[in-house]
Amino acid sequence: MDKTFKLLINGRQVEGATSFDVLNPATEEVVAACPKADRAQLDQAIAAAKAAFPAWSARSYEDRAAYILRLADALMERKDEFARLLTAEQGKPLHQAEYEIIGSTFVLRAFAEMRAPEKIMRQDGGNTVIEHRTPLGVVAAITPWNFPVILLMNKLGPCLVTGNCMVAKPAPTTPLTTLLFAELAAEILPAGVFNVICDQNELGSALTSHPDIAKIAFTGSTGTGSKVMASAADGIKRVTLELGGNDAAIVMGDVPPDVAAAKVFQGAMMNAGQICVAIKRAYVHESIYEEFCASIAKLAEAAVVDDGSKQGVTIGPVQNRMQYEKVKGLLEDAVTQGRVLAGGQLPDRPGYFIPPTIIADLPDDAPLVREEQFGPVLPVLKFSEVDDVVARANDSEYGLAGTVWSRDTQAAMDIARRVDAGTVWVNQHLAIDATLPFRGSKKSGLGAELGQAGLHEYTQAHIINAVELALD
C-alpha cells in the first residue's frame with residue numbers, strides 16, 4: 001500500500017521511533033508499515049491529553065457533541081476507504097467491513113445525543129440532595145483486532161462527550177484503521193483531546209500504570225484483562241473491561257430446524273467467529289437435533305471462504321497467526337472426540353484460513369466446549385431437559401452473552417433469566433444497540449459499555465447534600 005501512516009500526538013501526526021509491518025491475514029503479505037512509539041512518545045501523548053483536559057472539559061455538552069458529529073460525518077464520507085483498509089488488515093469480507101464503519105458512525109451519533117444531567121435526589125423540608133457528574137481526566141483506550149474501528153468508537157464517544165481526553169492504543173495486528181481515523185481527528189479535534197500511539201505490546205503496562213491515566217477502557221482477552229486490572233490497582237484507576245465469552249445458544253424443540261440452523265450459523269460464523277458475543281456453543285433439543293445438524297452442515301459447506309476483498313466471499317481468514325494456531329489446536333483435538341459434520345480440514349494455501357467447521361456429539365469437558373475458540377469452529381450438543389441445558393450453559397467461567405430460540409417467546413424469556421450472562425437475546429443475535437448497556441458477568445468483564453450506563457463509566461458522580469443554615 002502506497003501510504004504513510006503516522007502517530008497522533010498533541011494534534012500533530014508524527015513519525016514513530018521505529019516501525020513494524022502489518023500483514024494481510026488473507027495473503028500474509030505486508031499491507032503497510034506502522035509507526036511504533038517509544039516510551040518518550042507515550043509520555044508525550046499522555047501529557048498532551050492532560051494539558052488539553054481543562055479546556056475540553058470546560059466546553060458544554062452541546063459543543064463537544066458537535067465535534068463528535070463532525071467526526072461521524074468525516075468517517076462516513078470516507079467509509080469506502082476505511083472499509084478497504086479494514087478488510088486488508090483485519091481480513092473480514094468487504095461488506096462486513098462496510099457494516100462496521102457505518103455502525104461506527106451510528107455509535108458516535110448516538111453518544112453525541114447522550115447527556116449526564118444533574119439529578120435531584122431529594123428536595124423536601126429544606127433538604128436538597130443532587131447528584132452531578134464530572135469527567136475523570138485522561139482515558140487510556142486499548143482496543144482489539146476483531147473490530148478495531150467500532151470498538152474504539154464505543155469508547156471514544158462517551159469519553160469525549162463527557163469531557164474526557166483519550167490516548168488510544170490499537171492492537172498491533174490491526175492499527176492502520178485507527179491511524180487513518182487519527183487523520184480525521186487531527187483536522188477536527190482540538191490538539192491533545194485524542195491521541196494515538198502504536199506498539200507491539202511493549203507499552204501496555206506503562207500506559208495502564210501511568211499516574212496521569214484516570215481510567216482504562218479495555219476490550220480483549222480475559223487473560224490480558226486480568227493484567228490490565230492488576231496494573232491499575234496501585235493507582236485505584238477506573239477500569240472498564242470487556243473480555244472473553246463462551247456464549248451458548250439454546251435451541252428449543254419447537255423451532256423449525258432449518259430456521260434455527262440459519263440463525264445459529266450466522267451468529268457463530270460472522271467475522272470468522274471472531275466476535276466476543278459470537279455463538280460458541282449450540283445446545284439443541286433432542287427432538288430436532290439431527291435435522292438441525294444436517295441443515296447447519298449444509299450452510300457450512302456452502303460458505304465461500306477466501307480473501308475478504310473478493311466479491312461473494314462470506315468468510316475471511318482468522319486475523320493473525322497466533323489465533324490461527326490456537327483454533328487449529330482446538331480443531332485437531334475436537335475431530336478426535338466428536339462427529340465432524342462439515343469442514344475439519346485446513347487448506348494448503350497462504351493465509352490464516354479455517355473453513356467453517358461443525359462438530360457434533362462432543363463431551364461437555366472437551367476443550368472446544370470449555371474454552372473460547374474465537375474462530376469458525378462450532379460444537380453442537382444435544383439436550384432434553386431445560387434444567388439440564390441451563391446448568392450446562394452456566395457451567396463456564398465466562399458470562400458475556402447467550403441466546404434462546406423458541407416459538408414460545410415468554411418461555412424463552414423465562415429461560416433467558418436463568419442464563420448467567422450480561423446479555424441474553426431471545427430469537428435474535430448480535431442485537432447490539434449503542435443506546436443499550438452491554439456488560440459481562442463472571443470473567444467476561446467489569447463495568448458497562450454503551451447506553452447511559454456506559455456513559456456514566458466515564459464520569460465521577462458527586463453528591464451535594466444541602467440544608468438551610470440553622471441560626472439557633
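The values are calculated or read from the model by the stated rules, or taken from the named source; none is laboratory data. Just so we're clear, the structure is a prediction, and the values are computed from it rather than from any experiment. All Cβ positions, glycine included, derive from the backbone under ideal geometry; neighbour counts span all protein chains shown. Surface accessibility is based on the protein's heavy atoms, side chains included, excluding ligands, DNA and RNA. Shrake-Rupley method; radii C 1.70, N 1.55, O 1.52, S 1.80 Å.
See the values below:
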quantity	calculated
Label-reachable residues, region 47-84, where backbone N falls under 18 Å from a point 7 Å from GLU183's Cα toward its Cβ	71-84
C-alpha long axis of helix 409-418 to longest principal axis of the chain, angle in °	70 degrees
Gyration tensor (alpha-carbon) shape descriptor, the chain, a/c threshold 1.5	oblate
Phi-based couplings in Hz for region 72-88 (Karplus 6.51, -1.76, 1.60; Gly and Pro marked x)	4, 5, 5, 5, 5, 4, 10, 4, 5, 5, 4, 5, 5, 5, 4, 4, 5
Rounded to 5, the percent of DSSP beta bridges in region 373-472 classed as antiparallel	50 percent
Anchor LYS155: lysines whose Cα lies under 18 Å away (excluding residues fewer than 8 positions away in-chain)	LYS50, LYS169, LYS215, LYS237
Global geometry of region 267-326, whether rounded, prolate or oblate, following the gyration tensor of its Cα atoms and the 1.5 cut on a/c	oblate
Spin-label pair GLU332/ALA230, simplified geometry with 7 Å Cα→Cβ offset, distance in nm	2.9 nm
Kirkwood hydrodynamic radius (C-alpha pairs) into Stokes-Einstein, region 1-146, 25 °C and 0.890 mPa s, D in µm²/s	131 µm²/s
Lys/Arg +1, Asp/Glu -1 at C-beta; the chain dipole; positive extreme among GLY192, ILE236, GLN460	GLY192
Crossing angle, helix 321-337 versus the chain [Cα axis fit, 0-90 degrees, rounded to tens]	30 degrees
Residue-span extension gain [ALA74 to SER287] - 0.36 nm each, minus C-alpha spacing	71.5 nm
Calculated from backbone phi, Karplus (6.51, -1.76, 1.60) coupling profile of region 143-153 in Hz, x at Gly/Pro	10, x, 9, 7, 9, x, 8, 5, 6, 5, 5
In degrees, nearest ten, helix 94-112 long axis to first principal axis of the chain (Cα)	30 degrees
Nearest-10 value in Å² for the accessible area of ILE464, using the 1.4 Å probe	80 Å²
Per-residue SASA entry for GLU187, accessible area with 1.4 Å probe, Å² rounded to 10	150 Å²
Cα centre as origin, Lys/Arg/Asp/Glu Cβ charges: region 364-472 dipole, Debye	300 debye
Distance from region 235-263 to region 330-352 (C-alpha centre basis), Å	23 Å
Estimated 222 nm signal from helices in the chain, with DSSP H stretches of n ≥ 4 weighted -39500 (n - 2.57), rounded to 500	-12000 deg cm²/dmol
Heavy-atom accessible area order for VAL419, VAL467, VAL196, largest first, 1.4 Å probe	VAL467, VAL419, VAL196
Rg/Rg_ref, region 146-291, where Rg_ref = 2.2 N^0.38 Å and atoms are Cα	1.34
Computed FRET value (nearest 0.05) for ALA302 with HIS95, which takes r as the C-beta separation and R₀ as 22 Å	0.85
Positive minus negative residues near LYS382 (Lys, Arg vs Asp, Glu; Cβ under 14 Å)	-4
For region 229-355, radius of gyration divided by Kirkwood radius, i.e. Rg to Rh on alpha-carbons	1.05
Accessible area (Å², 1.4 Å probe, nearest 10) - MET121	100 Å²
Loop sites in region 363-472: chymotrypsin sites (Phe, Trp or Tyr not before Pro), DSSP, at most 13 other Cβ within 10 Å	none
Mean shadow area of region 111-176, taken as a quarter of the surface of its Cα convex hull (nm²)	5.6 nm²
Residue pairs, from the table LYS280/LYS442; LYS280/LYS382; LYS79/LYS280, whose Cα atoms sit over 20 Å apart	LYS79/LYS280
Cleavage-rule hits (GluC sites (Glu not before Pro)) in region 268-299: DSSP loop, at most 16 neighbouring Cβ within 10 angstrom	GLU286
Accessible surface of the chain, 1.4 Å probe, proportion on carbon and sulfur as whole %	51 percent
For region 283-331: accessible area per residue (Å², 1.4 Å)	46 Å²
Size of charge dipole - region 270-427 - debye, nearest 20, with Cβ of Lys, Arg +1 and Asp, Glu -1, no other charges	520 debye
